Amino acid sequence: MVRYILQLSDDRCLGKDLMWTSDIKNTPLFQSEHQDIALNKLIELNAKDISLRAKVTSCEIDSKGRVIVPESSSNAA
């Protein structure tokens, strides 16, 4: 099953409390079953902070419903 999250370029993710966190394993993340809902949230956040550089990332979920955040590809050449 796929979920969509919001992720910054430095790999921090948006938590349910709408704060950016790097503690992905212990913090509940904002997640949506629908890509358009995640995109709408990104647009809302970007309207408040025009310098925000975030993206919608698709993730799989584990058996407990937690998102499995993919490894960063920013180190790729």
Item to check | Rounded to the nearest 20 debye, dipole of the chain from Cβ charges on Lys, Arg, Asp, Glu | outcome: 80
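Quickly estimate the mean residue ellipticity at 222 nm for the chain, helices only: each DSSP H run with n ≥ 4 gives -39500 (n - 2.57), and the total goes over all residues, rounded to 500.
Value at 222 nm, helices only: -6000 deg cm²/dmol.
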Item to check | For region 43-57, 3J(HN,Hα) per residue [Karplus equation, 6.51 cos²θ - 1.76 cosθ + 1.60, θ = phi - 60°, Hz, x = Gly/Pro] | outcome: 5, 4, 5, 5, 5, 7, 9, 5, 8, 5, 10, 10, 9, 8, 10
Checklist outcome for this item: Lys pairs in the chain with Cα under 17 Å (8 or more apart in sequence, or on separate chains) total 6
Next on the checklist: So if I average 1/r over every pair of distinct C-alpha atoms in the chain and take the inverse, what Kirkwood radius in Å does that give?
Outcome noted: 12.7
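Quick note: the coordinates plus some simple rules give every number you see, no bench work behind them. Treat the numbers as computed from the prediction; the structure is a model and nothing was measured. Every residue, glycine among them, receives a Cβ derived from its backbone with ideal geometry; neighbour counts consider all protein chains shown.
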